[in-house]
């Protein structure tokens with residue numbers, strides 16, 4: 001069986017020999033960009049976005065990912081004004097970031113313009129804030145963009161694809177060092193860091209690099225129904241800010257009302273990890 | 001597509017229109033008991049047990065479920081001596097319960113003897129403690145068994161199949177009342193309570209009944225890679241014991257060393273629920 005849609009089902013079998021199967025309806029968009037295959041199809045989980053036949057997001061479970069990548073670091077910062085999102089062309093992370101009324105500027109640096117255009121057209125509930133005047137969209141390689149940035153961002157969110165394909169260069173020591181330099185005093189980086197159950201080797205490699213670069217490097221996890229193993233990890237990195245050292249009570253109270261997952265207790269619980277993941281890290 | 005093995009893949013599509021696909025190797029056991037189809041096959045996740053073509057357990061991820069159903073209530077009890085496991089014919093829950101050196105007696109009440117026999121033969125790492133002299137195995141309907149039991153158990157674990165098929169009668173007010181009566185003073189019941197993402201209606205119905213019977217009824221969740229949505233809930237019920245009101249430090253320290261998931265911080269974090277699940281409850 002190959003990944004992708006065949007006989008009415010989308011399949012994605014991960015390296016651990018199992019994966020997700022989704023009853024697939026009409027294919028709304030399918031094309032090859034300079035970087036990857038971009039596809040959007042209908043399903044009982046709403047519309048589904050895949051890149052190179054790997055699950056990116058579905059309308060019915062996208063909030064599991066987007067709330068977690070955005071609100072954990074945003075609530076942990078006293079006054080996040082300037083935010084960089086790397087990847088994240090579907091717009092879900094930008095949408096969550098903009099719930100924080102402290103934010104003045106969001107830069108979305110996505111290498112593939114086709115992803116942005118397709119999501120604006122076919123995933124409007126996810127891409128809905130991409131035209132917000134606070135958002136600057138750069139269709140550009142983040143590796144180049146970040147090179148000369150100094151003390152510019154309060155929060156950097158690495159909302160990338162996997163460490164193979166177009167996202168590969170976003171998992172290197174050089175890139176992480178440039179990201180660190182782009183942070184303002186008190187800045188926080190969060191990077192998606194794969195499935196603890198399925199991608200043990202990738203996680204080990206990634207955190208070894210992150211720990212070389214950032215004096216503070218922690219991990220949090222949450223459920224994502226359609227991702228490998230139903231379980232995902234994010235790296236929380238900073239020069240000076242410990243995770244859970246601060247939660248903005250006012251924003252937390254207000255934003256929780258708009259969330260399907262995020263609340264304060266759930267936030268506080270996210271850094272408690274299972275033994276097998278602690279051993280990997 | 002039907003659930004079960006076809007063309008080298010096991011599929012289980014849940015009512016939400018998606019599900020798990022597992023590359024299936026050799027089928028080691030396949031038979032119909034009086035109650036259900038029992039099947040065990042090889043895969044990259046180790047051997048897989050399915051009942052009526054629904055995923056019960058795999059050798060590589062079984063500890064996600066068994067550690068959570070057993071240790072959360074067991075650690076919360078000061079001196080659990082007598083334990084009843086309802087269902088759980090694979091033996092994984094019994095294995096975890098017996099890690100607690102306070103335990104003098106475990107009754108396993110499983111309706112289907114074929115499940116026990118097949119698991120003893122083909123899943124020895126899971127069924128390994130079923131011959132322990134502390135264990136009494138009853139091949140019997142738990143609905144009948146529990147009827148006249150009064151103040152007999154410190155812990156009751158309802159390790160059942162779903163609320164359809166042979167497990168149906170284990171999701172009724174009458175059954176829960178009988179379970180309550182079987183508890184000693186300070187006793188705790190934990191019942192598997194389905195996937196928060198996939199089985200919202202079933203969860204609502206089940207907790208409505210549990211709350212009629214038990215003055216204390218709480219919910220905890222954890223990741224299970226091969227279960228619907230990769231996310232599972234358990235009900236924690238008692239007449240007098242609040243969840244997290246006690247954790248046995250000595251047993252916690254010792255047993256954590258033997259676990260792939262369970263540790264104290266992870267335990268403390270389990271009752272923090274996402275907003276959508278709080279709304280259902």
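The values are calculated or read from the model by the stated rules, or taken from the named source; none is laboratory data. The model shown is predicted, which means the values in this text are computed figures rather than measured ones. Positions of Cβ are generated from backbone atoms using ideal geometry, with glycine treated the same way; all protein chains shown enter the neighbour counts.
Summary table
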read-out: Checking residue B:187 against (1) crowded, with 24+ Cβ neighbours inside 10 Å; (2) in contact with a helix residue (DSSP H, G or I) (Cβ under 6 Å, 6 or more places away or on another chain); (3) part of a strand (DSSP E or B), the condition it does not meet; value: (2)
read-out: Of all residues in region A:104-128 being part of a loop (DSSP other than H, G, I, E, B) and within 16 Å of the chain's Cα centre (by Cα), the one that is surrounded by the fewest Cβ atoms within 10 Å (Cβ to Cβ); value: A:112
read-out: Filtered residues of region A:13-34 (kept if at the interface with chain B (Cβ under 8 Å from one of its Cβ atoms), crowded, with 20+ Cβ neighbours inside 10 Å and touching a residue at least 12 places away in the same chain (Cβ under 8 Å)); value: A:16, A:19, A:20, A:21, A:22
read-out: Answer from B:86, B:40 - the residue that is outside any helix (DSSP H, G or I), at pLDDT 95 or above, farther than 21 Å from residue A:197 by Cα and not assigned by TED's automatic domain parsing to the domain that holds residue B:186; value: B:40
read-out: Every residue from region B:150-173 that is assigned to a loop (DSSP other than H, G, I, E, B) and closer than 14 Å to residue B:85 by Cα; value: B:152, B:160, B:161
read-out: Residue check, residue B:225 assigned to a loop (DSSP other than H, G, I, E, B), within 7 Å of another protein chain (Cβ to nearest Cβ) and touching a strand residue (DSSP E or B) at 6+ places or on another chain (Cβ under 9 Å); value: yes
read-out: Failed item in (1) within 29 Å of residue A:11 (Cα to Cα); (2) under 13 Å from the mean Cα position of the chain (by Cα), with residue A:73 passing the rest; value: (1)
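Results for (1) buried (at least 24 other Cβ atoms within 10 Å of the Cβ); (2) under 25 Å from residue A:230 (Cβ atoms), shown as yes or no for each residue.
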{"position": "A:57", "(1), (2)": "yes, yes"}
{"position": "A:69", "(1), (2)": "yes, yes"}
{"position": "A:83", "(1), (2)": "yes, no"}
{"position": "A:87", "(1), (2)": "yes, yes"}
{"position": "A:92", "(1), (2)": "yes, yes"}
{"position": "A:102", "(1), (2)": "no, no"}
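Per-residue answers, yes or no, for (1) in a loop (DSSP other than H, G, I, E, B); (2) at pLDDT below 95; (3) within 14 Å of chain A (Cβ to nearest Cβ):
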position	(1), (2), (3)
B:191	no, no, no
B:220	no, no, yes
B:244	yes, no, yes
B:265	no, no, yes
